[in-house]
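Q: Pasting a structure here, questions to come.
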Amino acid sequence: MHHSLGPVTSACSRARLRKRFRAATVRERLAHLFRDRRLALLLLIALWVSGARGQTAAAPARPDLFRQIDEILVELSKITGWKPPRKIHSDTITKEGVKQFLEDRIKDVVKPEEIRAEEIALKKLGLVPPDFDLRKTTVELMTEQAAAFYDYRKKKLFVLESNATLMQKPVLVHELAHAIADAHFNLEKYIFKGKSDDAAVARQAVMEGQATWLMSEYLMSKMGASLRSAPEMADVMNRMAGASGGMFPVFDSAPLYLRESLLFPYTKGFTFQQAVVVKLGNPGFSEVFRNPPASSQQILHPEKYFARIQPARPLLPKVELRGWDELIAGGLGELDHEILLRQYAGETEARLARKWRGSQFRVLERKKHEQFVLLYSSEWEDPKSAQEFFRLYRRVLAGKWKKLQVSRESETELAGAGDDGAFRTRLDGTRVTSMEGLPLP
């Protein structure tokens, strides 16, 4: 769920939110405020790829760094074929300034009840632990990951004062890649126009993946090399970006869902952009904005993007509950299911997520009693893969609850009680549905 901050799903009154933010979730809105929290690690990888190894010392961002903006924009223009923007305003910012920026902008774009709904959904789905604090973790993660950001509203670029000298220019290139794309496609509108939660994640991967690709291509061009003729470098980045090596303790201690959702736009977005450039050449830079990917699955499997394979919208199970209201509703993508299976079933079993075809969920609330019901549905490639997911979903239930009491079990149905009420999970052809947290009889 990305994620940029990474991993949430959707919030509050869906109809009201869509009027203001379309399908953008709390995750996408928070991430859009300050996307490059995960850039520092990936910059080290890009620098390693381009041969710039060695120790660095912390130093304030120098004024002459910003004097390189015009030269960098010219180079990015040559790489993309896009006309550079006339003027980019820039400045340094302190860590305290970053935190204040985040606090102010979060108050502006995300309501407390929206964050509450997101947090409850994540807990019901089993993607975060019961004691997880979404807002606190979000601010801590984004502040820790701070390197630089481009403010779409003010059209201004900020670089952290304490950013290591060696990393300053690559950070600047990455942000200017956002600026040149924003000049042509208005990225603020782009991220908010996804037709589903998963589509918003895919658009985020387009933005971050392209900026990371352009940053890496710029660095390689200084060595007379190119990603166009060295596609194996995209694989190098994916293999190396899985852990922070102790650089980011908040990130390291975050739930798997947050960690993977934070990395996804940079790593998988990078390899997606590589595939687009290899197939389409320079027109590919614009194509991903004019015809955005519809799902995280299209990012993970670019061939599905080229084939325009759209996600299914399986029907949710029906239930009649008086006095219950919808708290939140949304969709889960292949990325979400891969993480869910990795968390509760293991790496090998998580490969089944490639057979995913679509998913929806809804959380109902009985507010006075602080009770919640999860309605979930997923569609799979064929009956065999649906049956396998049905089998593995039992492990998901057992993993996310402290107790699992099964009262009825067959090849197509699993029913009983969990931590927060009764549940009923069913297999119907290529569809798997689940109702969880139902009032006990």
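Q: Quick one: would you say Leu65 is surrounded by fewer than 20 Cβ atoms within 10 Å (Cβ to Cβ) and over 29 Å from Gly333 (Cα atoms)?
A: Working: surrounded by fewer than 20 Cβ atoms within 10 Å (Cβ to Cβ): yes; over 29 Å from Gly333 (Cα atoms): yes.
Considered against the rule, which asks whether it is surrounded by fewer than 20 Cβ atoms within 10 Å (Cβ to Cβ) and over 29 Å from Gly333 (Cα atoms), Leu65 comes out as yes.
Q: Also, quick follow-up: Please go through segment 164-218 and pick out each residue that is over 30 Å from Ala312 (Cα atoms), at pLDDT 85 or above and charged (D, E, K, R).
A: Glu175, Asp182, Glu217
Q: Looking only at segment 319-341, filter to residues that are charged (D, E, K, R) and touching a Leu at 6+ places or on another chain (Cβ under 7 Å); which one of those is surrounded by the fewest Cβ atoms within 10 Å (Cβ to Cβ)?
A: Our first condition is that a residue be charged (D, E, K, R); within segment 319-341, this holds for 320, 322, 325-326, 334, 336, 338.
Next, only the ones that are touching a Leu at 6+ places or on another chain (Cβ under 7 Å) stay: 325-326, 334.
Details: Asp325: 10, Glu326: 15, Glu334: 24.
This residue is Asp325.
Q: Filter the helices (runs of 4 or more DSSP H) completely within segment 243-358 down to those with at least 1 residues that are not assigned by TED's automatic domain parsing to the domain that holds Ala386.
A: Numbers: elements: 249-253, 256-280, 283-290, 296-300, 302-306, 334-344, 347-350.
Passing ranges, in order: 249-253, 256-280, 283-290, 296-300, 302-306.
Q: From the list Tyr257, Tyr305, which residue is within 18 Å of the chain's Cα centre (by Cα), more than 24 Å from Phe390 (Cβ to Cβ) and modelled with pLDDT of 90 or more? If you could, list the steps in order and put the result at the bottom.
A: On the way: Tyr257 fails: more than 24 Å from Phe390 (Cβ to Cβ).
On inspection, the qualifying residue turns out to be Tyr305.
Q: Hey, could you check segment 364-395 for residues that are of a type in the set (A, V, I, L, M, F, W, C) and touching a Ser or Thr at 6+ places or on another chain (Cβ under 9 Å) and say which is farthest from Arg424 (Cα to Cα)? Full working, then the answer.
A: Here is the first cut: in segment 364-395, the ones of a type in the set (A, V, I, L, M, F, W, C) are 364, 372-375, 380, 386, 389-390, 392.
Remaining after also requiring touching a Ser or Thr at 6+ places or on another chain (Cβ under 9 Å): 374-375, 380, 386, 389-390.
Working: Leu374: 11, Leu375: 10, Trp380: 19, Ala386: 16, Phe389: 15, Phe390: 12 Å.
Looking at the filtered set, the residue picked out is Trp380.
Q: Something else: Determine, yes or no, whether Leu404 is at pLDDT 95 or above and within 26 Å of Ala199 (Cβ to Cβ).
A: Values: at pLDDT 95 or above: yes; within 26 Å of Ala199 (Cβ to Cβ): no.
Considered against the rule, which asks whether it is at pLDDT 95 or above and within 26 Å of Ala199 (Cβ to Cβ), Leu404 comes out as no.
Q: Starting from residues that are among the polar types (S, T, N, Q) and over 18 Å from Thr348 (Cβ atoms), keep the ones in segment 377-419 and report whichever is surrounded by the most Cβ atoms within 10 Å (Cβ to Cβ).
A: First pass over segment 377-419, keeping only residues among the polar types (S, T, N, Q): 377-378, 385, 387, 405, 407, 410, 412.
Then keep just the ones that are over 18 Å from Thr348 (Cβ atoms); that gives 377-378, 405, 407, 410, 412.
Values: Ser377: 23, Ser378: 25, Gln405: 11, Ser407: 11, Ser410: 9, Thr412: 13.
It comes out as Ser378.
Q: Now a separate question. Given the conditions (1) touching a helix residue (DSSP H, G or I) at 6+ places or on another chain (Cβ under 8 Å); (2) modelled with pLDDT of 95 or more; (3) under 19 Å from Lys400 (Cα atoms), report the number of the one that Gln273 does not fulfil.
A: (3)
Q: Restricting the search to segment 145-182, which residues are part of a helix (DSSP H, G or I) and surrounded by fewer than 17 Cβ atoms within 10 Å (Cβ to Cβ)? I'd like the intermediate steps shown before the answer.
A: Kept after step one, since they are part of a helix (DSSP H, G or I), are these residues of segment 145-182: 165-182.
Scanning segment 145-182 gives a single hit, Thr165.
Q: If you check every pair at least six apart or on different chains, which have Cβ atoms under 7 Å apart with a residue in segment 407-436 that is assigned by TED's automatic domain parsing to the domain that holds Phe361 and under 24 Å from Gly358 (Cα atoms) first and a residue that is of a type in the set (Lys, Arg) and surrounded by fewer than 16 Cβ atoms within 10 Å (Cβ to Cβ) second?
A: Filtered contacts from segment 407-436: Ala415/Arg408.
Q: Which of the residues spanning segment 180-199 are among the hydrophobic types (A, V, I, L, M, F, W, C) and either over 15 Å from the mean Cα position of the chain (by Cα) or under 18 Å from Thr212 (Cα atoms) (or both)? Before the answer, list the steps.
A: Within segment 180-199, the first condition is being among the hydrophobic types (A, V, I, L, M, F, W, C), and the residues that meet it are 180-181, 183, 185, 187, 191-192, 199.
Answer for segment 180-199, where residues must be among the hydrophobic types (A, V, I, L, M, F, W, C) and either over 15 Å from the mean Cα position of the chain (by Cα) or under 18 Å from Thr212 (Cα atoms) (or both): Ile180, Ala181, Ala183, Phe185, Leu187, Ile191.
The values are calculated or read from the model by the stated rules, or taken from the named source; none is laboratory data. None of these values were measured; they are calculated from a predicted model. We place every Cβ from the backbone using ideal geometry, glycine too, and count neighbours over all the protein chains shown.
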